[in-house]
Structures are given as structure tokens and as C-alpha cells.
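Working notes, beginning with the structure itself.
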């Protein structure tokens with residue numbers, strides 16, 4: 001499974017250079033994999049294993065990597081991974097840029113996605129936000145000021 | 001799928017990674033000069049095309065009408081993390097050396113993960129976000145190949 005950008009093919013695992021992916025700590029790998037597969041048409045590559053391997057889901061141009069929390073680990077001795085402690089305090093998030101926000105809103109809602117509001121116009125774009133099963137916000141935006 | 005310069009989809013959608021940052025110029029320097037991203041839009045928000053996706057940077061704030069209960073802020077506690085940018089690399093030693101030489105801070109050198117699937121290390125970006133840099137082991141590559 002690969003994503004083609006100009007002359008380069010991005011693969012998982014990558015054969016050269018690097019591939020850009022998004023990691024989220026989740027309470028239940030299967031529940032999250034099922035959510036991203038069902039709502040966004042993602043493709044599940046792996047569901048992780050009992051030894052600690054992560055789940056991998058390809059979504060459009062990128063891959064979502066999911067695993068349960070824990071740590072610290074030797075490679076990040078000061079960091080603990082956990083699901084969002086406060087879903088209303090957010091620093092980084094998955095941002096999905098769509099061609100037709102009304103169509104995505106309807107389709108993804110019909111597939112069970114929970115939207116905070118309907119699409120609203122703001123700063124040269126139309127936006128709305130989904131909460132995933134762990135409470136992560138996912139921005140869904142249609143730009144109107146970029147070509 | 002062929003990606004345009006800016007993350008404007010003409011059909012379907014593109015998935016990008018948004019960061020709340022304190023100083024867009026500093027963050028731009030990190031993602032463009034050190035990681036090799038391409039600057040698409042300089043600020044408010046800043047768009048950087050990086051390999052198969054885009055980094056989107058903006059300052060914090062909120063709530064806004066489309067997320068009335070949510071406040072965006074830079075990481076308040078660097079020791080507790082929920083989501084992060086994860087770069088899957090073909091040659092972790094080469095990436096570690098190159099990005100470190102360009103000024104990236106790494107928490108540790110690349111280390112084997114006990115799960116047997118990968119070698120990993122972590123950078124901190126200018127706001128303290130962790131960025132995972134990971135290379136799959138042959139065990140993992142064989143697993144992916146046999147399940148694709």
C-alpha cells in the first residue's frame with residue numbers, strides 16, 4: 001500500500017527517506033481501528049499485538065498509528081503516554097482538509113461520527129470538529145482562500 | 001494519489017497534523033530547515049508540506065463557535081503526551097545524525113524497542129512536542145509483507 005507524491009512513493013514500512021504518520025494513544029486499539037476504518041474509509045494494516053506492537057491504519061495520504069498508553073520507556077524516560085486527560089485542552093490534532101465539507105459532514109455523521117457542531121464559516125474556511133472514541137478532536141475543514 | 005502543493009483537496013480529503021505553537025517563525029525553521037519541509041504559507045496558519053502530508057501551525061486561542069468548549073494551547077506538561085507526529089524512517093542512524101547536526105534536540109540516541117518491531121528515538125520541537133523517529137526491524141517488515 002503506497003501513497004504517490006510526484007515521483008516518490010511513500011510506503012509502510014518506508015523503503016527510503018521517511019513517511020509522515022500520526023500517533024494517538026487510545027484506550028482500545030480495536031475500537032479506534034474500527035472507528036477510523038468505518039468513518040473515513042481507512043484501511044487497517046495491523047491491529048497490534050499483546051507484546052506491545054501498535055495498530056496501523058492507512059487514511060488518505062497518511063497512516064494513523066494507535067497504541068495503548070504507558071511508559072516511561074528507555075527512549076523517552078521522562079514521558080508518559082495516556083489518552084487525553086482533558087479533551088477540552090488541546091495542543092495538536094489531526095486536521096482533515098476536504099473537498100466538500102457538507103458531503104463529508106453528512107457521510108461521516110451517517111457512519112457514526114460525533115460532530116461538535118455543524119460546519120461553520122470562519123477565517124476563510126468552513127470548519128467543524130469530530131470527537132473520536134477517546135475524545136480527540138479532528139478538524140474537518142474546507143479552505144476557501146488557498147488555491 | 002498525487003499531492004498538490006497546498007492541502008486543498010479537489011476530491012476526497014487530505015490528512016494533516018496541526019500544532020499550536022508559540023512562535024511560528026521558530027517552528028517554521030525547525031520543520032523547514034531541519035526536517036526539509038516545503039513552506040507553502042508563512043503564517044496564521046502556516047502550512048508546510050512534509051513528505052506525504054502537511055504540518056499546519058498556528059498560535060493558541062479559543063474557544064471558537066465551531067468548538068465552543070475547546071481551548072488550544074502549547075503543551076502545558078511535557079511529561080504527559082497523548083498524540084504526536086510519528087516519522088517512520090528507512091535509516092534511523094542517518095536521520096538521527098543529519099537532524100542532530102542541523103540542531104534538532106533528541107531525548108536519547110536510537111534504541112531498540114523491547115517489542116522487537118522497531119528502533120526508536122524522540123526529538124523535541126521548539127514547543128516541546130515529542131516527534132517519534134522510528135525504523136521497523138526486519139521482523140516487522142516481514143510481518144507487513146506477509147499481511148499486505
- [ ] Can you tell me which residue among A:57, A:138, A:65, A:96 is more than 10 Å from chain B (Cβ to nearest Cβ), closer than 18 Å to residue B:53 by Cβ and touching a residue at least 12 places away in the same chain (Cβ under 8 Å)?
- [x] A:57
Task: Listing of strands (runs of 3 or more DSSP E) fully contained in the stretch B:26-87 that carry 2 or more residues being modelled with pLDDT under 95 - done: none
Open item on the list: Restricting to the stretch A:5-34, and then to whatever is touching a helix residue (DSSP H, G or I) at 6+ places or on another chain (Cβ under 7 Å) and without any contact (Cβ under 8 Å) to a residue 12 or more places away in the chain, can you tell me which residue is farthest from residue B:143 (Cα to Cα)?
Closed with: A:18
Open item on the list: Can you report the number of residues in the stretch B:114-146 which are facing another protein chain (nearest Cβ under 7 Å), in a helix (DSSP H, G or I) and in contact with a strand residue (DSSP E or B) (Cβ under 9 Å, 6 or more places away or on another chain)?
Closed with: 2
- [ ] Looking for whichever is touching a strand residue (DSSP E or B) at 6+ places or on another chain (Cβ under 7 Å), more than 7 Å from chain A (Cβ to nearest Cβ) and surrounded by fewer than 22 Cβ atoms within 10 Å (Cβ to Cβ) here; the options are B:4, B:45. Which one fits?
- [x] B:45
Open item on the list: Which numbered condition in (1) part of a strand (DSSP E or B); (2) surrounded by fewer than 19 Cβ atoms within 10 Å (Cβ to Cβ); (3) more than 9 Å from chain B (Cβ to nearest Cβ) is the only one that residue A:38 fails?
Closed with: (1)
TODO: Considering only the stretch B:88-113, state which residues are within 7 Å of chain A (Cβ to nearest Cβ), in a loop (DSSP other than H, G, I, E, B) and under 23 Å from residue A:68 (Cβ atoms).
DONE: B:107, B:108
TODO: Could you list all residues from the stretch B:81-94 that are touching a residue at least 40 places away in the same chain (Cβ under 8 Å) and out of contact with any helix residue (DSSP H, G or I) (no Cβ under 8 Å at 6 or more places or on another chain)?
DONE: B:81, B:84, B:85, B:86, B:88, B:90, B:91, B:92
Task: Selection from the stretch B:1-23 of residues that are over 17 Å from residue B:51 (Cβ atoms) and over 15 Å from the mean Cα position of the chain (by Cα) - done: B:8, B:9, B:10, B:11, B:12, B:13, B:22, B:23
Task: Among the residues listed as B:57, B:139, B:72, the single one being within 20 Å of residue B:17 (Cβ to Cβ) and over 16 Å from the mean Cα position of the chain (by Cα) - done: B:72
Open item on the list: Looking at A:46, A:110, A:78, A:91, can you tell me which residue is surrounded by fewer than 16 Cβ atoms within 10 Å (Cβ to Cβ) and facing chain B (nearest Cβ under 8 Å)?
Closed with: A:78
Open item on the list: When you check residue B:125 against the structure, is it closer than 30 Å to residue A:122 by Cα and touching a residue at least 24 places away in the same chain (Cβ under 8 Å), yes or no?
Closed with: yes
Open item on the list: Being more than 13 Å from the chain's Cα centre (by Cα), buried (at least 19 other Cβ atoms within 10 Å of the Cβ), free of Cβ contacts under 8 Å to residues at least 60 places away in the same chain and not in a loop (DSSP other than H, G, I, E, B): is that true of residue A:105 here?
Closed with: yes
Task: Subset of the stretch A:109-147 (residues that are at pLDDT below 95 and either in a strand (DSSP E or B) or within 16 Å of the chain's Cα centre (by Cα) (or both)) - done: A:121, A:122, A:125, A:143
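Table: residues versus (1) buried (at least 23 other Cβ atoms within 10 Å of the Cβ); (2) closer than 26 Å to residue A:68 by Cβ; (3) within 9 Å of another protein chain (Cβ to nearest Cβ).
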residue	(1), (2), (3)
B:54	yes, no, yes
B:62	no, no, yes
B:75	no, yes, yes
B:79	no, yes, yes
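The values are calculated or read from the model by the stated rules, or taken from the named source; none is laboratory data. No experiment lies behind these values; they were computed from the predicted model shown. Every residue, glycine as well, gets a Cβ built from its backbone with ideal geometry; the counts of neighbours run over all protein chains shown.
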